[in-house]
Amino acid sequence: IILVIFTYYFYLLTYLFIYLFKENSLPHWGKHYPKCNGCKQSPINIDTQKVIKNQELGSVDLINFSLPHTMKMLKNNGHTVECELKAGAVGVRGGGLKHKYTVLQFHFHWGGEDLVNHPGSEHSLNGHRSPLEMHIVSQRSDLNDSTAAKVQDGFAVMGFFIVNSLLCVFCCLIFILLLGDKVRILEPFSMHQLLKGVDLSKYYRYNGSLTTPPCDEAVVWTIFKDPIRISKDLVQTN
């Protein structure tokens, strides 16, 4: 009975979230943000039969991801659930990246029960979408916001497919249904705890864009092969 009630409220909240974002949805973006009509737009479908292996890229180096209290709060930004991070606390380098990047935030993309009309992950693998995808967004440490948006490697975004997603998204939605809603993170979680089990040397790489307006084509994308498996201790609420 508890599972049925939990599942019912999850999908109710999910569809409400999708409805509230309807006017800001993909079909309308190009009218207000011309860059969203560009030729290097993300997300993409990754066809594993067409990828080219590059042994020189190596493993991605995550800087200070084991530090606690780097996650400040979750908020509804009008497109998705976003987690604000402590300014300048964590970073990314290596893995073929030519610069050091400072992590700004991470956020989620998910779907409803019907993944045809309400697809889950933004990226797909051989045409298959996962229920949930997380993006860790970083900016070149040597550039400011406006300059980073003008160069093709101004931002680096790491994408992760997620399993056990129902609990994760439910705990986000119940507190931040409306635009601007926020909830502070008090537990001493670290970014490293989110990425347990992910091989940082196995990923897909391409140059693309931000997936929400203004859709700047200034992103080095890294989509990891291993999914994140959200543990219950990370999503349990009092």
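A short reminder: the numbers here are calculations on the coordinates, not readings from a lab. In this text the structure is predicted, and so the values were computed from the model without any measurement. Glycine also receives a Cβ, built like all others from the backbone with ideal geometry; neighbour counts cover every protein chain displayed.
At-a-glance table
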| read-out | value |
| --- | --- |
| Residue-count net charge about residue 211 - beta-carbon cut-off 15 Å; Lys, Arg +1, Asp, Glu -1 | -2 |
| Over 21 Å between alpha carbons, listed pairs 72/225; 98/150; 40/72; 75/98; 196/225; 53/98 | 72/225; 40/72; 75/98 |
| Cβ-defined net charge surrounding residue 72, 13 Å radius [Lys, Arg +1; Asp, Glu -1] | +1 |
| Point-to-point label distance, residue 128-residue 206, nm (Cα→Cβ direction, 7 Å offset) | 1.8 |
